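Presented below is the structure to which this report refers.
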Amino acid sequence: MRGSIDQANKRLGYKLLAVTLAMFGFGYALVPLYSVFCELTGLNGKTGRISAETAASETIDQNRSVTVEFVTSIGGSLPWKFKAKVAKISVHPGAATEATFVAVNEASFPIVGRAVPSVAPNSAARYFNKTECFCFTEQKLAAGETKDMVVRFVVDPRLPADVRTLTLAYTFFEAPELSANN
Amino acid sequence: MSDAAAHGEHDEHHGYHPGGMKRWLFTTNHKDIGTMYLIFALIMFFIGGAMAMVIRLELFQPGLQFVEPQFFNSMTTMHALVMIFGAVMPAWTGFANWLIPMMIGAPDMALPRLNNWSFWILPFAFTLLLGTFFMPGGAPAGGWTMYPPLVLQTGDAFPFLIFAVHFMGASSIAGAINIIATVFNMRAPGMTLMKLPLFVWTWIITAFLLIASIPVLAGAVTMLLTDKFFGTAFFAASGGGDPVMFQHIFWFFGHPEVYILILPAFGIASAIIPTFARKPLFGYASMVYATGAIAFLSFIVWAHHMFTVGMPLAGELFFMYTTVLIAVPTGVKVFNWCATLWQSSITFEVPMLFSLAFVILFTIGGFSGLMLGITPVDFQYHDTYFVVAHFHYVLVTGAIFSIISATYFWLPKWTGHMYDETLGKWHFWLSTISVNVLFFPQHFLGLAGMPRRIPDYAVQFADFNMVSSIGGFVFGFSQILFVMVIWKCVKGGEKATDRVWEGAHGLEWTLPSPPPYHSFTTPPAPASIEGGMR
């Protein structure tokens, strides 16, 4: 009698331990789950990426103009200057557009940086499609180097009508594992 | 909170019992382990309380008087960690250890060695945590919520913080597994699930919340650890991660956690109010279902802690509606306690006083919680003293008052002596008046815009802060009375009867006071099981 209860206790104990381990795994699974959720819903300001051919095939909506603003910032203590050449431009949805950003490495050693984009308002992020971006790859700047960097994008004509302004924000972070001084 | 002397004379017939320190190190007895948990929780309550005193001292007047801002931030961070993981959670596990086997007619916990282990992890966890005060860079100061990137700036203390959280989590998960196994497998014949006392029911649901949510916290802090030391980028934007994701993962644990802290309190109130109202609990079954409903909802409301991070409207609406929905099962509970009191014959012994104060003051905390749950106004209240007032009403006058109430209620059973009623009444009135002087003005401070976790404030907040600090000091020092009552009761006092309270019902009251070291080695007769209705 006692023996069988002890057995049952141990069995239940191991089952509950398995639940615990599964929930630990679930904590990690939340990371991709949130990412997928953000991608599906366009929350989190994550932008879309399409090929140049797809972009060219979009019909251009000449009757509508959307203002795209550019915001730049530096994350952490990266010794760079980073600016957009123009603060904002007006685009027709469907039209491929190009914008240029300038980064200056003010340090006396080469540094690799990584730009993280974000689009506001969040709900419009998935209608902002990039065909080419300096944020797709790491950017290495030699000591004192100035570099022009290009982003090409298309605003999806399906962008909701109430959105008149989109803000594209870039933050440059140091990619420490790739930088020369590390 | 009894001591060795209280049941030492009963154990000579049962196997091997080392004396002295070895008894406590190697014990697998649920009563010994319960006692250790409760004493540990009491010590942590005073350590965390001392930190709160430092906070209120610094905030007594505007300007910086006593501590450095960094140390102040360590105080708020460590106060929360110590009180949540060191005081309230171990206290509940201590009550579970002492009471659940006696309430369900079991000889001991299901996994006694695991039980020993789950307690003895705790002193190590808190040595790691409190040891950080002596490390370069000081104790963690980024808030108990450990948000990156701020928490990653913690000095040498950082890995100690993470491992301490791991240990605390392992301890509470082990405790939870043990409690589930005990209730599922060890109930006396005739003790059906719907006859379980509500304290057992609320603890079972708490235990499931623990094993479902604590591992997620363990995962989140492990990600912080690998972000800091092993080059992962879960929360580092530079590597494509997202700091807001930490908040989502943390609060997926964090909201069930707040019910882990409060659900057993609902069980305590449901035991004490019927006893002193001399009336069966109103709506036993609805209490069980309401507890289950709260537990379920707790997993789908987490983002109400982070309304201001920039969520889409649909998300804000979803989390607002589910949050406000929790008021329904909670309202059922408060209604049932009030209905139990209706047309009953009440006496006001100390446990009843604390439980009645719990119902009233916890409900005030619930109401401010509703206000915070409404997204548009939360933007004003977020990270202000209104939030501080809210969670201290639900945790101090909620969880802590309930723990104190339960201690007074079962202390005569555990020690075999009645506590000092006069001293207990002093403790109650001083605590209840001062705790309101302490926390009520903080609502006004918050509504006026005073931010939390800041060591200084604008002068227009000075008066309410001084009032709050005075309440804080009185509340803090009143708790010394609590220790005096416990000490006196352990040492001696009027002999307690087996039933102790005229209106007490349940299996633990059929045992002698104090109960023998090994109780219910043969299950109680099914006829003695009255069921949780009583």
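The values are calculated or read from the model by the stated rules, or taken from the named source; none is laboratory data. Given the structure is predicted, the values throughout are model-derived calculations rather than measurements. Here the Cβ is made from the backbone with ideal geometry for all residues, glycine too, and neighbour counts use every protein chain on show.
Can you work out which of the residues in segment A:16-60 that are at pLDDT below 75 and either within 11 Å of chain B (Cβ to nearest Cβ) or under 30 Å from B:LEU210 (Cα atoms) (or both) is surrounded by the fewest Cβ atoms within 10 Å (Cβ to Cβ)?
A:THR41
If the requirement is being closer than 30 Å to A:VAL112 by Cβ, more than 8 Å from every other protein chain (Cβ to nearest Cβ), among the aliphatic types (A, V, I, L, M) and touching a residue at least 24 places away in the same chain (Cβ under 8 Å), which of these qualifies: B:LEU225, B:LEU210, B:LEU196?
Numbers: B:LEU210 fails: closer than 30 Å to A:VAL112 by Cβ; B:LEU196 fails: closer than 30 Å to A:VAL112 by Cβ.
After ruling out the rest, the residue left standing is B:LEU225.
Can you name every residue in segment A:63-82 that is in contact with a strand residue (DSSP E or B) (Cβ under 9 Å, 6 or more places away or on another chain) and outside any strand (DSSP E or B)? Don't jump to the end; show me each part of the working.
Start the filter on segment A:63-82 by keeping residues that are in contact with a strand residue (DSSP E or B) (Cβ under 9 Å, 6 or more places away or on another chain), which leaves A:65-82.
Answer for segment A:63-82, where residues must be in contact with a strand residue (DSSP E or B) (Cβ under 9 Å, 6 or more places away or on another chain) and outside any strand (DSSP E or B): A:SER65, A:GLY75, A:GLY76, A:SER77, A:LEU78, A:PRO79.
Would you confirm whether or not segment B:127-135 contains a residue that is surrounded by fewer than 19 Cβ atoms within 10 Å (Cβ to Cβ), out of contact with any strand residue (DSSP E or B) (no Cβ under 7 Å at 6 or more places or on another chain) and part of a loop (DSSP other than H, G, I, E, B)? Talk me through it step by step, then tell me what you get.
Filtering segment B:127-135 for residues surrounded by fewer than 19 Cβ atoms within 10 Å (Cβ to Cβ) gives B:127, B:130-131, B:133-135.
This time we only want the ones that are out of contact with any strand residue (DSSP E or B) (no Cβ under 7 Å at 6 or more places or on another chain), so: B:127, B:130-131, B:133-135.
With the extra rule that they be part of a loop (DSSP other than H, G, I, E, B), the set shrinks to B:135.
Yes, segment B:127-135 has at least one match.
Among residues belonging to segment A:127-146 that are surrounded by fewer than 17 Cβ atoms within 10 Å (Cβ to Cβ) and not in a loop (DSSP other than H, G, I, E, B), point out the one that is modelled with the lowest pLDDT. Talk me through it step by step, then tell me what you get.
From segment A:127-146, those surrounded by fewer than 17 Cβ atoms within 10 Å (Cβ to Cβ) are A:132, A:136-138, A:140, A:142-146; that's our starting set.
Remaining after also requiring not in a loop (DSSP other than H, G, I, E, B): A:132, A:136, A:140, A:146.
Values: A:GLU132: 82, A:PHE136: 75, A:LYS140: 88, A:THR146: 91.
Filtering segment A:127-146 for residues that are surrounded by fewer than 17 Cβ atoms within 10 Å (Cβ to Cβ) and not in a loop (DSSP other than H, G, I, E, B), the one modelled with the lowest pLDDT comes out as A:PHE136.
Would it be correct to say that B:ILE162 is modelled with pLDDT of 95 or more and more than 12 Å from chain A (Cβ to nearest Cβ)? Even if it seems obvious, please write down each step before you answer.
Details: modelled with pLDDT of 95 or more: yes; more than 12 Å from chain A (Cβ to nearest Cβ): yes.
In short, yes.
I'd like the full set of residues that are among the hydroxyl-bearing types (Ser, Thr, Tyr) and within 26 Å of the chain's Cα centre (by Cα), limited to segment B:423-467.
As a first pass, look at segment B:423-467 and keep what is among the hydroxyl-bearing types (Ser, Thr, Tyr): B:431-432, B:434, B:457.
Scanning segment B:423-467 gives B:SER431, B:THR432, B:SER434.
Identify, please: which residue in segment B:181-193 is assigned to a helix (DSSP H, G or I) and of a type outside the set (Val, Ile, Thr) and is, among those, farthest from the other protein chains (Cβ to nearest Cβ)? Before the answer, list the steps.
Here is the first cut: in segment B:181-193, the ones assigned to a helix (DSSP H, G or I) are B:181-185, B:193.
Applying the additional criterion that residues be of a type outside the set (Val, Ile, Thr) yields B:181, B:184-185, B:193.
Numbers: B:ALA181: 5, B:PHE184: 6, B:ASN185: 5, B:LEU193: 15 Å.
In this case the residue turns out to be B:LEU193.
So which residues in segment A:62-103 are surrounded by 13 or more Cβ atoms within 10 Å (Cβ to Cβ), aliphatic (A, V, I, L, M) and within 29 Å of A:SER51 (Cα to Cα)?
A:VAL66, A:VAL68, A:VAL71, A:ILE74, A:ALA84, A:ILE89, A:VAL91, A:ALA95, A:ALA96, A:ALA99, A:VAL102, A:ALA103
With a cut-off of at least 3 residues that are crowded, with 20+ Cβ neighbours inside 10 Å, free of Cβ contacts under 8 Å to residues at least 12 places away in the same chain and in contact with a Phe, Trp or Tyr (Cβ under 6 Å, 6 or more places away or on another chain), name the helices (runs of 4 or more DSSP H) lying wholly within segment B:344-452.
none
Collect the residues in segment A:83-102 that are in a strand (DSSP E or B) and within 17 Å of A:TYR170 (Cβ to Cβ), keeping them in residue-number order.
Applying the first criterion (in a strand (DSSP E or B)) to segment A:83-102 yields A:83-84, A:88-91, A:96-102.
A:LYS83, A:ALA84, A:LYS88, A:ILE89, A:THR97, A:GLU98, A:ALA99, A:THR100, A:PHE101, A:VAL102 - these are the residues of segment A:83-102 that are in a strand (DSSP E or B) and within 17 Å of A:TYR170 (Cβ to Cβ).
Identify the residue in segment B:470-500 that is part of a helix (DSSP H, G or I) and among the β-branched types (Val, Ile, Thr) and, among all such residues, is surrounded by the fewest Cβ atoms within 10 Å (Cβ to Cβ).
The extreme case among them is B:ILE480.
Need the failing condition index for B:MET109 against (1) part of a helix (DSSP H, G or I); (2) buried (at least 24 other Cβ atoms within 10 Å of the Cβ), just the number.
Single failed check for B:MET109: (1).
Looking at (1) out of contact with any strand residue (DSSP E or B) (no Cβ under 8 Å at 6 or more places or on another chain); (2) assigned to a helix (DSSP H, G or I), can you tell me which one A:SER108 breaks?
(2)
Looking at A:ALA125, A:ALA103, A:ALA107 in this structure, which one is in contact with a helix residue (DSSP H, G or I) (Cβ under 6 Å, 6 or more places away or on another chain) and not assigned by TED's automatic domain parsing to the domain that holds A:PHE37?
Numbers: A:ALA103 fails: in contact with a helix residue (DSSP H, G or I) (Cβ under 6 Å, 6 or more places away or on another chain); A:ALA107 fails: in contact with a helix residue (DSSP H, G or I) (Cβ under 6 Å, 6 or more places away or on another chain).
Unique residue meeting the criteria: A:ALA125.
Do the conditions hold for B:THR27, that is, is it more than 30 Å from B:ALA389 (Cβ to Cβ), buried (at least 17 other Cβ atoms within 10 Å of the Cβ) and at pLDDT below 95?
On the way: more than 30 Å from B:ALA389 (Cβ to Cβ): yes; buried (at least 17 other Cβ atoms within 10 Å of the Cβ): yes; at pLDDT below 95: yes.
In short, yes.
B:ILE326 - would you say it is at pLDDT 95 or above and over 22 Å from B:HIS392 (Cα atoms)? Please lay out each step first, then the result.
Values: at pLDDT 95 or above: yes; over 22 Å from B:HIS392 (Cα atoms): no.
Against the criterion (at pLDDT 95 or above and over 22 Å from B:HIS392 (Cα atoms)), B:ILE326 does not qualify.
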